[in-house]
């Protein structure tokens with residue numbers, strides 16, 4: 001797509017990670033105020049990776065036209081505020097400086113208060129700040145982007161879209177941890193994450209395989225962060241992640257599930273809370289086991305035995321989690337792989353599915369799997385296996401456009 005038509009309005013979608021900021025631009029037709037489906041259209045995308053280490057800006061229009069690919073000195077892009085401003089400036093050139101009417105933010109943790117996207121105000125920001133200890137790698141940067149926009153354009157509508165919201169409404173059996181019940185009442189419970197991704201996959205399944213969507217589906221969001229979600233009739237009923245984004249699957253640098261006694265042991269050895277947190281979030285997972293890399297591609301290409309061990313463990317644990325979620329569902333009607341590893345690594349999918357053959361009769365079609373086809377299982381497979389790329393930013397755009405319409409005009413809410 002070329003530059004948005006003047007009759008359209010522009011929404012920005014901001015996804016701020018621990019060392020990156022991604023900004024996508026979506027055009028929203030004026031019909032977004034009518035009683036019709038909202039269909040934001042991607043117009044441009046830009047991102048800066050390596051903030052504070054080796055900043056690199058990449059930006060392109062939706063028609064493929066590259067508008068930036070440049071590296072910067074660390075001191076020039078030393079924080080997320082500077083990164084956001086540079087991306088916005090770069091994209092404004094390709095968009096003829098079309099001003100946004102709203103900005104949607106990915107916010108990792110919504111706690112017990114937020115079951116859907118919300119307009120951001122002072123009260124919302126205060127609640128999000130209180131959740132920082134539960135998502136220390138992500139929540140502070142989400143808030144930094146929100147504050148940067150507020151400082152620059154205080155009247156602009158901002159919307160928070162939560163990774164936890166899709167899992168709101170889980171049965172208490174899927175939320176509880178076996179701690180004294182008073183802690184559950186105080187919000188210490190299993191929330192689940194990657195909800196924006198799972199919401200998109202549910203939407204895609206409705207389009208490409210509505211019969212499967214109505215059944216019992218496990219979706220594996222496998223990337224640098226990884227989790228799995230059990231869906232029944234398109235609704236989340238369980239997830240592998242818990243109170244924080246540490247639980248469940250081992251990830252690029254995050255540990256996944258560990259014996260709580262191991263944490264107590266580390267503390268008894270003299271490690272303080274900050275050191276333990278740094279290890280669990282930043283030095284564990286694939287990186288910690290392999291000692292080689294947190295990048296699955298590097299591990300698959302390596303001949304190092306610990307690299308192989310890390311990949312084997314990753315596949316083994318993913319298969320175990322699929323089995324656990326199948327218990328929640330009372331069976332399994334479909335398995336869907338998504339996100340960076342899930343949608344792009346035939347070898348990882350094959351290793352995971354090899355563990356599922358005896359229990360579920362999963363049988364991959366090797367040719368289809370190697371080509372990352374939409375359906376990668378054989379016709380005779382006991383469970384259909386699909387590959388569906390995700391689009392978290394598209395879901396943020398949809399939610400932001402919906403709230404924009406609810407405000408009653410294309411502009412700041414009254």
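The values are calculated or read from the model by the stated rules, or taken from the named source; none is laboratory data. Note that the coordinates shown come from a computational prediction; the quantities given were computed from them, not determined experimentally. When we count neighbours, we look across all protein chains shown, and the Cβ atoms used for this are built from the backbone with ideal geometry, even at glycine.
So the check is Cβ under 8 Å with 6+ separation or different chains; which pairs have a first residue in the stretch 89-117 that's on the phi > 0 side of the Ramachandran plot and at pLDDT 75 or above and a second one that's assigned to a loop (DSSP other than H, G, I, E, B) and surrounded by fewer than 15 Cβ atoms within 10 Å (Cβ to Cβ)? Hits for this filter: 111/187. A single entry from 335, 325 fulfils the requirement of being crowded, with 21+ Cβ neighbours inside 10 Å, touching a residue at least 60 places away in the same chain (Cβ under 8 Å) and not in a helix (DSSP H, G or I): 335.
The residues of the stretch 275-299 that are over 23 Å from the mean Cα position of the chain (by Cα) and at pLDDT 95 or above, listed by number, are 275, 276, 289, 290, 291. Could you look through the stretch 379-398, keep only residues that are in contact with a helix residue (DSSP H, G or I) (Cβ under 7 Å, 6 or more places away or on another chain) and in a loop (DSSP other than H, G, I, E, B), and pick out the one that is surrounded by the fewest Cβ atoms within 10 Å (Cβ to Cβ)? Ranking the qualifying residues of the stretch 379-398, first place goes to 382.
Restricting attention to the stretch 153-176 and to residues that are touching a residue at least 60 places away in the same chain (Cβ under 8 Å) and part of a helix (DSSP H, G or I), the residue that is surrounded by the fewest Cβ atoms within 10 Å (Cβ to Cβ) turns out to be 174. Taking first residues from the stretch 359-379 that are more than 21 Å from residue 201 (Cβ to Cβ) and partners that are not in a loop (DSSP other than H, G, I, E, B), the Cβ contacts under 7 Å between residues at least 6 apart in sequence or on separate chains come to 359/323; 363/357; 363/377; 370/346; 378/364.
For the stretch 118-131, the tally of residues that are assigned to a helix (DSSP H, G or I) and touching a residue at least 12 places away in the same chain (Cβ under 8 Å) stands at 6.
Among residues of the stretch 234-256 being touching a residue at least 60 places away in the same chain (Cβ under 8 Å) and within 13 Å of residue 318 (Cβ to Cβ), the one that is surrounded by the fewest Cβ atoms within 10 Å (Cβ to Cβ) is 256. Pick from 205, 228, 222: which is crowded, with 23+ Cβ neighbours inside 10 Å, more than 24 Å from residue 284 (Cβ to Cβ), in contact (Cβ under 8 Å) with a residue 24 or more places away in the chain and in contact with a strand residue (DSSP E or B) (Cβ under 9 Å, 6 or more places away or on another chain)? Step by step, each of 205, 228, 222 is checked, and only 205 is crowded, with 23+ Cβ neighbours inside 10 Å, more than 24 Å from residue 284 (Cβ to Cβ), in contact (Cβ under 8 Å) with a residue 24 or more places away in the chain and in contact with a strand residue (DSSP E or B) (Cβ under 9 Å, 6 or more places away or on another chain).
Pairing residues of the stretch 265-278 that are at positive phi with residues that are modelled with pLDDT under 95 and not in a helix (DSSP H, G or I), at Cβ distances under 9 Å and at least 6 apart in sequence or on separate chains, gives no pairs at all.
Screening the candidates 401, 318 for the property of being closer than 21 Å to residue 251 by Cβ, in contact with a helix residue (DSSP H, G or I) (Cβ under 6 Å, 6 or more places away or on another chain) and assigned to a helix (DSSP H, G or I) yields one hit, 318.
Among the residues in the stretch 187-210, are any assigned to a helix (DSSP H, G or I), modelled with pLDDT under 95 and over 30 Å from residue 374 (Cβ atoms)? Within the stretch 187-210 (the criterion being assigned to a helix (DSSP H, G or I), modelled with pLDDT under 95 and over 30 Å from residue 374 (Cβ atoms)), the answer is no, since none of the residues qualifies. For residue 399, the requirement of being over 24 Å from the mean Cα position of the chain (by Cα) and closer than 20 Å to residue 205 by Cβ is not met.
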